[in-house]
Amino acid sequence: MKIGFTKNAVTLKSRIYALQNAHYARLSLIRTIEANKAAETWLHNFFSGVRGVGEWFGFLDDMLTVMPPHETLNPEPLAAIPPTIYPHIEITPDHCRAARACLDLTQADLAKLAGMNKDSIMKFEMGKKAIRPNNMAAIAHVLMERGVDFLFDPPGLCFERWSMLRQDPPCV
């Protein structure tokens, strides 16, 4: 997760492009806050416990909701930046099916929890339909909220609650 500051939407797009060119994994914008440089400093300090190098941080769910102090917020929003949350990971149809099965969720259950239609979940899991970024985020959020950790190399799942018990996690 990168926490950074930019003055406008054009600069933001060019910064994302430059970061993507230098990074091996697909990067996605997950949140924007209309604020000043002081907000960036405040967020860096607030999340210092998961700081990596420079402006890079480990991900915490709070990063999707925490707001810096009111005096650091801009009254004028940046034009052309939608307030949509995009996924920070891309799950596969296999991830979705396995996580659902482990959590004993039906496709209808997952669809309802993610605010989607059951047919979209079914077609995604069958590999017949690509899923939009906002729906991918909703699915991932529902599953991760229930303790699922996604593994990518090799692909699979682990459950957070086992690591809290200091046992080897069951993986699928």
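Details
- On inspection, Asp109 qualifies as of a type in the set (D, E, K, R), at pLDDT 85 or above, in a helix (DSSP H, G or I) and in the same structural domain as Ile121 (by TED's automatic domain parsing).
- Pick from the stretch 112-152, criterion in a helix (DSSP H, G or I) and of a type in the set (Val, Ile, Thr), ranking: modelled with the highest pLDDT: Ile121
- Pro83 outside any helix (DSSP H, G or I), at pLDDT below 85 and exposed (fewer than 10 other Cβ atoms within 10 Å of the Cβ): yes
- The stretch 48-66, residues that are surrounded by fewer than 13 Cβ atoms within 10 Å (Cβ to Cβ) and over 23 Å from Ala140 (Cα atoms): Ser48, Gly49, Gly52, Val53, Gly54
The values are calculated or read from the model by the stated rules, or taken from the named source; none is laboratory data. Predicted model only: the values in this text are computed from it and were never measured. Virtual Cβ from ideal backbone geometry, glycine too; neighbours counted across all protein chains shown.
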